[in-house]
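The values are calculated or read from the model by the stated rules, or taken from the named source; none is laboratory data. Bear in mind the structure is a predicted one, so any value in this text is a computation, not a measurement. All Cβ positions, glycine included, derive from the backbone under ideal geometry; neighbour counts span all protein chains shown. Accessible surface is based on the protein model in full, side chains and every heavy atom, while ligands, DNA and RNA are left aside. Shrake-Rupley method; radii C 1.70, N 1.55, O 1.52, S 1.80 Å.
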Amino acid sequence: MTKVLVIAEHANGKLNPATAKCVTCASQIEGAEIHVAVLAADATEVAAQAAQLTGVARVLKIEHSANAEPLAAVLAPQIVAIAGEYTHLLGPSTTFGKDLMPRVAALLGVGQISDIMAVEGPYRFRRPIYAGNAIVTVEAASDRKLVGTVRTASFQATANDGHAEIVAVESTAELPTHTRFVERSAAATGRPDLQTAARVVSGGRALGSAEGFQAIYRLADKLGAAVGASRAAVDAGYVPNDLQVGQTGKIIAPELYIAVGISGAIQHLTGIKDARTIVAINKDPEAPIFEVADVGLVGDLFEILPELERQLG
Amino acid sequence: MSKILVALKRVVDANIRVRVKPDGSGVATEGVKMSINPFDEIALEEALRIKEKGAAAEVVVASVGPDDAQQQLRTGLAMGADRAIHVRADQPIEPLAVARVLLKLIEREQPKIVLLGKQAIDDDNNQTGQMLAALWNRPQATFASKVELSGDTARVSREVDTGLETIEIDLPAVITTDLRLNEPRYVKLPEIMKAKKKPLETLALDELGVDITPQFKVLNYAPPPARQKGIMVKDVAELVATLKQRGLL
Ligand SMILES: Cc1cc2nc3c(=O)[nH]c(=O)nc-3n(C[C@H](O)[C@H](O)[C@H](O)COP(=O)(O)OP(=O)(O)OC[C@H]3O[C@@H](n4cnc5c(N)ncnc54)[C@H](O)[C@@H]3O)c2cc1C
């Protein structure tokens, strides 16, 4: 019997949308019974949200004061303690899941399939390598537990009309104290979340400075869009790190992606391959971004952006 | 005084656009430029800076891979590592097996910190450091963008989806590096010459008694689906009109 445990990601009493995408991935594994584990200090609200995810049969609440912050070293042994009955354990390919799931896998003595982008069978998956320059089909043995992270840009969120049972599970694992949470910079911008926004406006090195980058924020606000950036713009300090899009930043799949003054390096492109429509604004007609753009405009962004703002009213 | 172990992987250089072989049997890597995985280079740079501040006595670089991986270890020595360990593996080796090999090296070397890149840019797995920390039963600080040591603890700022998170860990521990931790130094010619004389030890996998049997089989390599060719517009007005027409505005 195929049983999949999805590890919920959440913060401040809210389930992260990545979890609903993991559930969709899990539901593509034939015959899977899907459970979701919520590890938290107080899991009540998040468990209730997880119980509504279509396709979920059961939500496990694992409450412990040590679970107030998602520390992989603390969460992993608790997940291993309940892993027994499951054939598959999945987490999102977000920094939360990337940190946690390999620790779980190693404790279980199994490898991991990272960034699952398609399910081809219960033990056969597709995933990108080389910054998305190649897609491999990977098969695992069916007599071992399968641990994986789910490339959330490849799956739609499952619907919200489920009524899963919620079961409290006691946390009996011995928990380490060698890892302690100190603080998190909360970048509450009031703008849409980059990972789930339908529209994203991204700026690159060409914006020239943090002040220059304000033009990207203004356009984004006009469009109700989230703001993204290339690595070069982050490295140069124009914007904080959580805006980086790409191989080593966020992998996103908006309806509309507008790349402004971004050359289109392979490491950047891998983060936007699943965008429905890519618009590129760049002064260099040879820039590689135009090879993937659905709509391209050659010109100076410092002239184009104000004009665009004007025309959008 | 304490030691830092840095793991280095030999990978196709970041500037090369890798292509899938027409028969789907792999990616074409013959004759392409190979380098230290950029994240591992950052890990080594951080180790060297810690040593230069007097907080470590020795930096040891290790690589699990084919004989050619010795080139990257030599580069690591030229950057400033004191000695190198090459664990010879001719077949591709999965992250869990690499973690098991590194654990053996930890048992031998007793490092205070193990530094590795957060991911290798070939397989993009992002697993080895976390797996090593699990097997070692020690803390992990992944995606580090700042490391501050004080005695037997470290404060690490981590690049997470929501911004920056700071954790405190007891040492010994595993730290994996993100891009903005530092900028690796350039290697100068005299250092390359000096590095030739630094110790580089080679170990066979079976000497370490580690099971490296692969758990996964790669059935096929395929190029990514191509995007449809787009259009060019001549000005902002046409851009806005196009987006409106497509229902995007
Ligand atoms: C290991 C590794 C991981 C990486 N991960 C990522 C990642 O996750 N995300 C990422 O983005 N990058 C990543 N990179 C970096 C990547 O290789 C590129 O260096 C980076 O994306 C370049 O950013 P950019 O396009 O903003 O800058 P540039 O490449 O410098 O491009 C600037 C562009 O702006 C255009 N321009 C200049 N002035 C104007 C103007 N006035 N008007 C209009 N256009 C103008 C130029 O024509 C040029 O095309 C990674 C690199 C490595 C080695």
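Observations
- Inter-residue pairs, beta-carbon under 6 Å, first assigned by TED's automatic domain parsing to the domain that holds A:Gly261 and farther than 19 Å from A:Ile272 by Cα and in region A:234-245, second more than 10 Å from the ligand (Cβ to nearest atom) and modelled with pLDDT of 95 or more, 6+ apart: A:Tyr238/A:Ala210; A:Tyr238/A:Phe213
- From the options A:Ala280, A:Ala287, A:Ala293, residue that is free of Cβ contacts under 8 Å to residues at least 60 places away in the same chain, within 7 Å of chain B (Cβ to nearest Cβ) and small (Gly, Ala, Ser): A:Ala293
- Of all the listed residues (A:Gly132, A:Gly84), the sole one being under 28 Å from A:Ile272 (Cα atoms) and in the same structural domain as A:Asn16 (by TED's automatic domain parsing) is A:Gly132.
- Members of region A:202-257 that are more than 10 Å from the ligand (Cβ to nearest atom), among the hydroxyl-bearing types (Ser, Thr, Tyr) and buried (at least 17 other Cβ atoms within 10 Å of the Cβ): A:Tyr257
Okay, residues lined up against (1) crowded, with 22+ Cβ neighbours inside 10 Å; (2) at the interface with chain B (Cβ under 7 Å from one of its Cβ atoms); (3) polar (S, T, N, Q):
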residue	(1), (2), (3)
A:Ala106	yes, yes, no
A:Ser114	yes, yes, yes
A:Phe125	yes, no, no
A:Lys145	no, no, no
A:Gln156	no, no, yes
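- Any hit, region A:269-285, residues being within 8 Å of the ligand (Cβ to nearest atom), within 15 Å of B:Arg227 (Cβ to Cβ), more than 13 Å from the chain's Cα centre (by Cα) and open to solvent by 20 Å² or more (accessible area, probe 1.4 Å): no
- Top-ranked residue in region A:194-214 [being in contact with a Pro (Cβ under 9 Å, 6 or more places away or on another chain) and in contact (Cβ under 8 Å) with a residue 60 or more places away in the chain; ranked as farthest from B:Arg138 (Cα to Cα)]: A:Val200
- Scanning region B:36-61 for residues that are open to solvent by 20 Å² or more (accessible area, probe 1.4 Å) and closer than 30 Å to A:Ile135 by Cα gives B:Pro38, B:Glu41.
- For region A:294-303, a residue qualifies if it is crowded, with 22+ Cβ neighbours inside 10 Å and near the ligand (Cβ under 9 Å from one of its atoms), and exactly one does: A:Leu301.
- Of all residues making up region A:274-299, the number that are under 22 Å from B:Lys244 (Cα atoms) and not in a helix (DSSP H, G or I): 16
- Looking only at region B:102-127, residues that are within 13 Å of another protein chain (Cβ to nearest Cβ), aliphatic (A, V, I, L, M) and out of contact with any Lys or Arg (no Cβ under 7 Å at 6 or more places or on another chain) come to 4 in all.
- Here B:Ala14 passes the criteria (1) more than 14 Å from every other protein chain (Cβ to nearest Cβ); (2) within 16 Å of the ligand (Cβ to nearest atom) except the one numbered (1).
- If the condition is being of a type outside the set (A, V, I, L, M) and either open to solvent by 20 Å² or more (accessible area, probe 1.4 Å) or within 17 Å of the chain's Cα centre (by Cα) (or both), then region B:22-35 contributes B:Pro22, B:Asp23, B:Ser25, B:Thr29, B:Glu30, B:Gly31, B:Lys33, B:Ser35.
- Selected residue [open to solvent by 80 Å² or more (accessible area, probe 1.4 Å), more than 16 Å from the ligand (Cβ to nearest atom) and touching a Lys or Arg at 6+ places or on another chain (Cβ under 6 Å)] from A:Glu170, A:Glu183, A:Glu165: A:Glu165
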